[in-house]
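As structure tokens, the structure follows; a few thoughts come after it.
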């Protein structure tokens, strides 16, 4: 029995079923398209990729405000954003990042981060949204599993 379980774990690992994985979600509303590349399966201490892209035909006339679920922020060790936000504010539920608008129809920011080393064994849902005048324009949810 023990050998069979060990062989199953080794086989699943060799097939990369137990390894880290990424996912992508997107949503559209009011002429905006939000795309998020996110970690879907990770382990504590591993580097993960988080990229947020906002598209708007005709470009952006004002700053772009992105709200990120505070629980996601708490589960990741942040290194740096590219580009960095011009301002950051927070509430108990989310962190709000404000960026200067690009000269194109597409804005993208990427986060260099790792799963917090203290994170072991969780499966949570997170939300990222584009906000204007304290009103959500478009938002998307995704799940991230942190394996022990």
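Some notes on this structure:
- Note that the chain, at 37 °C in a medium of 0.692 mPa s, gets a Stokes-Einstein diffusion coefficient of 199 µm²/s from its Kirkwood radius over C-alpha pairs.
- Cα-based shape type of region 29-92, given that a ≥ b ≥ c are square roots of the gyration tensor eigenvalues and the cut on a/c is 1.5: prolate
- Only Cα pairs under 8 Å and 6+ residues apart enter the sum, and on that basis the relative contact order of the chain stands at 28 percent.
- Counting only alpha carbon atoms, the long axis of helix 2-14 and the longest principal axis of the chain meet at about 40°.
- Once the C-beta distance of residue 136 and residue 61 is scaled by a Förster radius of 22 Å, the resulting FRET efficiency is 0.75 to the nearest 0.05.
None of the figures in this text is laboratory data; all of them are computed from the coordinates on show. Since the structure is predicted, the reported quantities are computational estimates derived from the model, not experimental observations. Glycine also receives a Cβ, built like all others from the backbone with ideal geometry; neighbour counts cover every protein chain displayed.
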